[in-house]
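The values are calculated or read from the model by the stated rules, or taken from the named source; none is laboratory data. Keep in mind that what you see is a predicted model, and the values were worked out from it rather than measured. Don't worry about glycine lacking a Cβ; one is built from the backbone with ideal geometry, like all the others, and counts go over all protein chains shown. Only protein heavy atoms, including side chains, enter the accessible area calculation; ligands, DNA and RNA are left aside. Shrake-Rupley method; radii C 1.70, N 1.55, O 1.52, S 1.80 Å.
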Amino acid sequence: MSARLTSGALVWAGFDGPAVPGPLLDAIERGRIGGLLLFAYRGNIRSRDQVRGMLREAVAAASRGGLPPVPVGVDQEGGSVIRIGYGAIFPSAMAIGATGDPSYAERGARAVALGLRADGIAVNHAPVCDVNVEPRNPVIGTRAFGDDAAAAARYCAAWVTGSEGAGVATSPKHFPGHGAAAQDTHHTTVDVAADRALLGSRELVPFRAAFAAGASAVMSAHIRYPALDGDNIATLSPRILGDLLRRELGFSGLAITDSLDMSGLTQVETPERVASRAVNAGIDAVMVTTGIEKQLAAPEHLVLGVPPARLREAIVRATAFRARFGIEVPDAPFDDGPGRALALEIAARSITHVGPALPALGGAIRVVMFQPEQRSPVEELAPRELHFEAALRERLGSKLSFTVDPTAPPGDGPLVVCTSSASFDPEQAKRARALLAGGGILCALRSPYDAALVPNVPALLTYGDVPASLQALADVLAGQARPGGTLPVRLG
């Protein structure tokens, strides 16, 4: 194949709808698209049968061109970042961190990987290796294992071991670290002002551990680190991707961008130049998540904008990665039962109590649940309030008074106020404080930093509102379990 065609091996494409569009299938056949990205919010993922059928068409397209299957990637982190909702859904990374047991990261990652491979998906853009030292961080938060670098490193390494051991590539992200940012790169340009020594002793620690554990890829951050490169964001920085990643840290796997559509990148470079600049800096695969015209033009931009030696180097890495993680789509049924049971076990171990002592539970309670809102485009939310009320009703029956209105429901028993990242929502925080002015229990269903809003009442932390976490919280509120999690971040 000519360089003009093989440059397509570096281009990963997203799309809308439940089937791969015809032009993308044609591009896969001709070697002009090298990977696919799936998102639930774009209608790609509806059922196991639909996903398998969709990906079989992609496999067939590659086969017609005499090529191996293209690798298919998702972000199946757990918690608020879940693309596939029909299988086992795991609690967030921070919930796993709250268990105090890194083996849960390994076992959870393996279960997730087995579920993905069952549908022909062998790339999971996880784990999040960011150290969440900034409580105001709107995009990382519970996606991180915590705010301690050494602890996060143990969980990240365990996740990599579990996933890679089950045959699903990991891409630790967002290199070299997004946890100290107070803005979201989906919306704006972001700088992390930490000095070189602090970056080395904090941000880079989980990445080193993930690489040592065998991560096959790494995802770059669209963030500028003046201590490393005063001019370029990481995705476009030869100093960060070459000097730091390749030479200092010795990483030899695939370097892939985060989405090229994010404002943290589009505000600093044009669509025509961004892919070639990234590859020139040391990237081996670019996520062109939207725009069929951009996706089909990207191979040409790479040929024209990247020196042949650098292009060949990237193609060699992309080809080797594809040989390992471009897979056929299985036919056999898959049992999600063990994964669901493990998710429930992790959630039960993660529920954390902070603050004053809890009142006696098991009797009547009154529950106010603030409905979640999307805090970042990475989140794909589904209704949670019906699931939570059903779980509580099953355990408490008529002893439960439940509302999603921001007013206390009538009835007896302690008032339980369930917030959803109120620390990012001044109006919700104000209402939560008013409701709890006379006492009660705060349940932080997403951000654990909500517990600091009303420090004079006991708080229960779930680190996310996936079904397993809500069921575990219902057990505690019904007096059927005790919270045993350990806080993985500092609240103040």
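Over the range 1-155, what number does the Rg to Rh ratio reach, with both radii from the alpha-carbon atoms and Rh per Kirkwood? Expressed as Rg/Rh, it is 1.04.
When a/c reaches 1.5 or more, the comparison of a/b and b/c decides; with that in mind, is the range 288-329 rounded, prolate or oblate per its Cα gyration tensor? Oblate, since a/c reaches 1.5 and b/c is not below a/b. Looking at the range 108-211, the trypsin sites (Lys or Arg not before Pro) that sit in a DSSP loop and have at most 13 other Cβ atoms within 10 Å of their own Cβ are Arg136. Calculated on C-alpha atoms, the gyration radius of the chain divided by its Kirkwood radius gives an Rg/Rh of 0.99. Tell me which residues come under 5 Å, amide H to amide H, from Gly73 once H is placed; ignore anything under 5 positions away on its chain. Under 5 Å from the amide H of Gly73 lie the amide H atoms of Leu36, Leu37, Leu38, each far enough along the sequence or on another chain. Toward the positive end of the charge dipole of the chain, with +1 on the Cβ of Lys and Arg and -1 on the Cβ of Asp and Glu, the farthest Cα among Ala278, Ala62, Ala298 is that of Ala62. For the pair Arg490 and Ala341, the difference between a 0.36 nm per residue extended length and the Cα-Cα distance amounts to 50.7 nm. Considering only Cα atoms, the convex hull volume of the range 251-329 works out to 112 Å³ per residue.
For the range 284-349 versus the range 107-157, the spacing of their alpha-carbon centroids is 17 Å. Working note: Karplus 6.51/-1.76/1.60 with θ = phi - 60° gives the range 193-208 the couplings 8, 4, 7, 4, 5, 5, 4, x, 8, 10, 4, 7, 4, x, 5, 4 Hz, where Gly and Pro are set to x. Note on the range 182-237: Cα Rg divided by 2.2 N^0.38 Å, N the number of residues, gives 1.20.
Dividing the summed -39500 (n - 2.57) terms of all DSSP H runs of n ≥ 4 by the residue count of the chain sets its mean residue ellipticity at 222 nm at -10500 deg cm²/dmol.
Surface composition of the chain: carbon plus sulfur atoms hold 53% of the accessible area, using a 1.4 angstrom probe and ignoring ligands, DNA and RNA.
The simple Förster model, with R0 at 25 Å and r as the Cβ-Cβ distance, assigns Asp191 and Ser252 a FRET efficiency of 0.30.
Of the residues Thr289, Pro307, Leu400, the one whose Cα sits farthest towards the positive end of the charge dipole of the chain is Pro307 (charges of +1 on Lys and Arg Cβ, -1 on Asp and Glu Cβ, taken about the Cα centre).
With charges only on Cβ, +1 for K and R and -1 for D and E, what is the dipole size of the chain about its Cα centre, in debye, rounded to 20? Rounded to the nearest 20 debye, it is 540 debye.
3J(HN,Hα) along the range 50-58, derived from phi through the Karplus expression 6.51 cos²θ - 1.76 cosθ + 1.60 where θ = phi - 60°, amounts to 5, 5, 4, x, 4, 6, 5, 5, 5 Hz, with x in place of Gly and Pro. Solvent-accessible surface of the chain, averaged per residue with a 1.4 angstrom probe and all protein chains in place: 35 square angstrom.
Relative contact order of the chain: what whole-number percent is it, with Cα pairs under 8 angstrom and at least 6 residues apart? Once normalised by length, the contact order is 18 percent.
In order along the range 107-114, the Karplus-derived 3J(HN,Hα) couplings, from 6.51 cos²θ - 1.76 cosθ + 1.60 at θ = phi - 60°, round to 5, x, 4, 5, 5, 4, 4, 4 Hz, and Gly and Pro are given as x.
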